[in-house]
Amino acid sequence: MNISWDYILESLKSGLQYFPNTLKLVMIPTFLGLIIGTIIAFVQTFKIPVIGKLSRVLITLYRGIPIVVALMIYNLLFTLKFEAVARFFRLNISIADVDQIIVGIFALTLMSICLMTESIRGGLIAIDNGQFEAGYSIGLTRMQTLRRIIIPQLIPISIPPLTNNVIGIIKGSSITMAIGITEVLAGALIPGSKSYSFLEGYIAAAVIYWMFTVILEQLSKYLELRGKNFKRSLV
Amino acid sequence: MIELKHAKKSFHKTEVLKDVSIRIETGEVMVLLGSSGSGKTTLLRCVNFLEKADGGTLTIGEQNVDMKRASKKEIMDVRRKTAFVFQNYNLFQNKTALGNVMEGLVTARKTPKKEAQKLAEETLAWVGLSDKMDNYPAQLSGGQQQRVGIARAAVLNPEVILLDEPTSALDPELVGEILAVIKEIAQKGITMIVATHEIAFAQDVASKVVFMDGGVIVEEGAPKDIFRHPKEERTRQFLARILPSEDMYYI
């Protein structure tokens, strides 16, 4: 079997053209997941009544559902119920006006929240309780202790697992092709529909994902080094 | 003046403090003695609300606090009047020695940064760490870290400093430097409650010795009374085990 470089190049171009969609599918869930995940992690660590337990249960439930299954469910609900919901809220929009990418973003965001919560909770567990107590003992409030003492220590600990999560979301984003969203993978396969160069399409998509991941890894290494300068010893 | 009345604390079903009352006048140094598990640490932690007592009242100066029902504001007020030195130092890992000492002044007391830095530098110089101000805790020895810990507490000029076995985590060679610093604080007239196993230090610095066992105060009094003429049998047992006996030196 011959692999045609021309087709790979064509697929790369086509895939990159839809890179902004992949970027949306990764960035929005990462960003929202980080914020909401951090809040949930703190709620759980401080054992805040009701919401702490509730969030635990929800995350346990949600983590057990494969992303493809969740995506299919949301997509079905979206197609079947969108018009009814819009009518209920007296919104004058039809399903055709809405970009289906929001279904993908929604599914990935929920996944991201679960991943981020667990990573940040792990980081918080790693920080000695004495750091909190020392903060309280000199008269800092809980918020001040978090902001000045805990979070600066949490960042370097959490970067490796958080990077791992983002890489997971990047890979997860390719699954949204299953509900008809055109992102990098679907884009790279477009030329194949004319020339049957599917292998080249998949290779091109792999290259794009790989580059994206490598860039992200380098960024995380840089942040990690910057964040933990307090751990460097004098030697 | 600090007074603790009828302090009680249980962890699950274990009663750690069973109705403990102590009173300490301004400028006094109270030494808490007792074996592990006698409640010394819990007593100190309750004063600073690192543990919430199950009952009892705390008086610091003018302020009266119900230890069980203290509001957030009352707790903050008490914490601003007290400072704590931890057994395992608990320095802020992400801050330099100077940053550790400045933190309470700048963030909790809202002291202007310049003034805070000056005060912090003076305090660090006083504990002998002028040349280590920009080092992170990970770059300091145990003794140096504990000196920063003491500076962090002392710089706030609190009404009382609570020291929880400040030398237990240090090797014997470094104990001396810490005790010397604590002694200096005592000479400045700052009120202190020290939980310790250092008997020689207690004899030297304490104005009052409290012996605890099983969550109650067994005996309290001036160091010379407690060490020379203990009244209670339990105190005698404890002291016999940790006081170097006279004839030991001849061995």
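Values quoted throughout were computed directly from the atomic coordinates according to the rules given, and no laboratory measurement underlies them. Worth saying up front: this structure is predicted, and the values here are computed from it rather than measured. Positions of Cβ are backbone-derived with ideal geometry, glycine not excepted, and every protein chain shown enters the neighbour counts.
Here are the numbers:
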| item | result |
| --- | --- |
| Computed E for A:Lys171/A:Glu83 - FRET, C-beta separation, R0 35 angstrom, nearest 0.05 | 0.60 |
| At q = 0.12, 0.15, 0.23, 0.25 Å⁻¹, base-10 log of I(q)/I(0) for region B:146-217 (Debye sum, equal scatterers on each alpha carbon) | -0.32, -0.50, -1.14, -1.31 |
| Region A:132-189 versus region B:10-81: alpha-carbon centroid distance in Å | 40 |
| At most 10 other Cβ within 10 Å, DSSP loop - GluC sites (Glu not before Pro), region B:207-245 | none |
| Dmax and Rg, reported as Rg then Dmax, of the protein assembly as shown (C-alpha, Å) | 30.8, 102 |
| Debye log10 I(q)/I(0) at q = 0.19, 0.20 Å⁻¹ for region A:24-181, Cα point scatterers | -1.14, -1.22 |
| Dipole in debye (nearest 20) - region B:152-251, about Cα centre, beta carbon charges: Lys, Arg +1; Asp, Glu -1 | 260 |
| Spatially near lysine pairs across chain A, Cα under 20 Å, sequence gap of 8 or more or different chains | 6 |
| Anisotropy class of chain B from Cα gyration tensor, a/c 1.5 cut | oblate |
| Ascending count of other beta-carbon atoms within 10 Å, so fewest first, for A:Ile127, A:Ile169 | A:Ile127, A:Ile169 |
| Rough spin-label spacing in nm, given labels placed 7 Å along Cα→Cβ, for B:Arg69 and A:Ile65 | 4.7 |
| Point-to-point label distance, A:Ala96-A:Tyr196, nm (Cα→Cβ direction, 7 Å offset) | 3.6 |
| Above-threshold pairs, the threshold being 30 Å between Cα atoms, out of B:Lys68/B:Lys132; B:Lys95/B:Lys188; B:Lys9/B:Lys132; B:Lys9/B:Lys95 | B:Lys68/B:Lys132; B:Lys9/B:Lys132; B:Lys9/B:Lys95 |
| Anchor B:Lys73: lysines whose Cα lies under 18 Å away (excluding residues fewer than 8 positions away in-chain) | B:Lys52, B:Lys81, B:Lys110 |
| Dipole magnitude of region A:24-181, debye to nearest 20 (Cβ charges: Lys/Arg +1, Asp/Glu -1, about Cα centre) | 280 |
| Neighbour-count ranking [beta-carbon atoms within 10 angstrom, fewest first] of A:Val85, B:Val31 | A:Val85, B:Val31 |
| Computed label-point distance, nm, for sites A:Arg142 and B:Ala200 using a 7 Å Cα→Cβ extension | 4.5 |
